[in-house]
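Novice: The structure follows.
The values are calculated or read from the model by the stated rules, or taken from the named source; none is laboratory data. All figures in this text were calculated on a predicted structure; none of them were measured in a lab. Neighbour counts are summed over all protein chains in view; Cβ atoms, including those assigned to glycine, are modelled from backbone coordinates with ideal geometry.
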Amino acid sequence: MTYSVAVSGASGYAGGEILRILAAHPDVEIRTVTAHSNAGQPLIQHQPHLRSLAHLTLHDTTSDVLAGHDIVFLALPHGQSGQYTDALADTPLVIDAGADHRLESIADWDRFYGGDFHDPWTYGVPELVVGGAKQRRRLVGASRIAAPGCNASTVSLSLAPGVAAGVIDPGDIVSVLAVGPSGAGKSLKTNLLASEILGSANPYAVGGTHRHIPEIRQALAAARGTEDDSADEGIRISFTPVIVPMARGILATSTAQIAADATDADIRGAWEAAYGDETFVQLLPEGEFPRTADVLGANTALIGLAIDRAANRVVVVAAVDNLVKGTAGAAVQSMNIALGLPEARALPVNGIAP
Ligand SMILES: NC(=O)c1ccc[n+]([C@@H]2O[C@H](COP(=O)([O-])OP(=O)(O)OC[C@H]3O[C@@H](n4cnc5c(N)ncnc54)[C@H](OP(=O)(O)O)[C@@H]3O)[C@@H](O)[C@H]2O)c1
């Protein structure tokens, strides 16, 4: 069977990356691409690297244009996806790359985003430890999927094994991330001009204000909890992203206090048990730590783990391509699982180097 697909936000970074991956997917036909201010223009004008899709024209993003496909990807600014939910009621599978359907807590949505709250959809991070199982179990047969925030999934994947195994204290987590500016999208912003970021490292959303914080707390609560997920009470994270001059990539350094009585073997064993059999989330050998360059273009999260007994902290360094494993790759991987296709289909495990 070939599934017909519409991709909205197709002129943007996330939509473009979804298209790049789907263009190599044997089970889908990319039938429709939509945009907003650039509607009416050829897709190739905005995504000149997508040569095999040069025949497509960007349509306006309306319910009518999106309806009638087997699968719809929404890659719109947050707050824009919810308006299409009702109109797409008959669409078998809808995957939102935006934040509109990620959060379970209305209070968190109001505090960090604002505007209308929309129901949470199945979270699209298959490898996430959830209670005693993996999130992929919930994605089988799912019809509505919320792809993750790139920073959020990087930090959640970094720490969930330790939280689930009880070897770190989820009440004392510190994450500092080096992030590329593509994470903020393609639209023009003064603080993202080359002259502002080249040769500089620029912190932003410092002091507990970043929108991905509640998403991380929610994921870690699920890691700690049962299938019903327990509340994120007691999960505290200090989260500081720093924009660095690389187009794409996230290097997240997360540290957490070691739980009383946890041995080194318990700690490393928790991450080995979680990711030992995974294709796209890989724990590096002891003493090795990833670079963002190793995962560029790949649907792979690489994780290095250190145990700092002097500081009594576990240190987890994770490298992810924000546009692949952080968004589009996670979305397509979740699509594969939902449809019962091989999970890794069309998804690169190898990066581009140098
Ligand atoms: N960038 C990342 O690394 C990343 C990672 C995870 C999740 N996401 C999420 O993915 C979504 C898209 O992000 P992005 O980085 O791709 O942003 P982007 O590059 O700015 O692209 C935004 C896209 O949405 C379209 N658009 C803008 N306003 C719209 C509206 N009112 N109605 C319909 N379409 C509209 C734009 O069309 P025009 O160009 O025609 O204006 C463009 O195609 C966001 O929700 C973001 O949080 C992004």
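Novice: Name the helices (runs of 4 or more DSSP H) wholly within the range 126-218 that hold at least 3 residues that are more than 16 Å from the ligand (Cβ to nearest atom) and surrounded by fewer than 24 Cβ atoms within 10 Å (Cβ to Cβ)?
Specialist: Result: 136-139, 194-197.
Novice: Pull up the range 297-317, narrow it to residues that are crowded, with 21+ Cβ neighbours inside 10 Å and in contact (Cβ under 8 Å) with a residue 24 or more places away in the chain, then point me to the one that is nearest to ILE258 (Cα to Cα).
Specialist: Result: VAL314.
Novice: Please list, ordered by first then second residue, the pairs with beta carbon atoms under 9 Å, 6 or more apart or interchain, first in the range 179-190 and over 16 Å from THR154 (Cβ atoms) and in the same structural domain as GLY249 (by TED's automatic domain parsing), second within 8 Å of the ligand (Cβ to nearest atom) and in a helix (DSSP H, G or I).
Specialist: GLY185/TYR13; GLY185/ALA14; LYS186/TYR13; LYS186/GLY16; LYS186/HIS46
Novice: Could you pull out the residue among ASP60, ASP64 that is over 26 Å from ARG211 (Cβ atoms), at pLDDT 95 or above, within 13 Å of the ligand (Cβ to nearest atom) and charged (D, E, K, R)?
Specialist: Testing whether each residue is over 26 Å from ARG211 (Cβ atoms), at pLDDT 95 or above, within 13 Å of the ligand (Cβ to nearest atom) and charged (D, E, K, R) leaves just ASP60.
Novice: Cβ-Cβ under 9 Å, sequence separation 6+ or interchain: first residue in the range 282-296 and within 15 Å of ALA178 (Cα to Cα), partner assigned to a helix (DSSP H, G or I). Which pairs?
Specialist: These pairs meet every condition: VAL295/VAL324; VAL295/LYS325; LEU296/VAL324.
Novice: Moving on to the next point. Only one residue in ALA39, ALA23 is farther than 19 Å from LEU76 by Cα, of a type in the set (Gly, Ala, Ser) and either modelled with pLDDT of 95 or more or surrounded by 15 or more Cβ atoms within 10 Å (Cβ to Cβ) (or both), so which one is that?
Specialist: Selected residue: ALA23, the only one of ALA39, ALA23 that is farther than 19 Å from LEU76 by Cα, of a type in the set (Gly, Ala, Ser) and either modelled with pLDDT of 95 or more or surrounded by 15 or more Cβ atoms within 10 Å (Cβ to Cβ) (or both).
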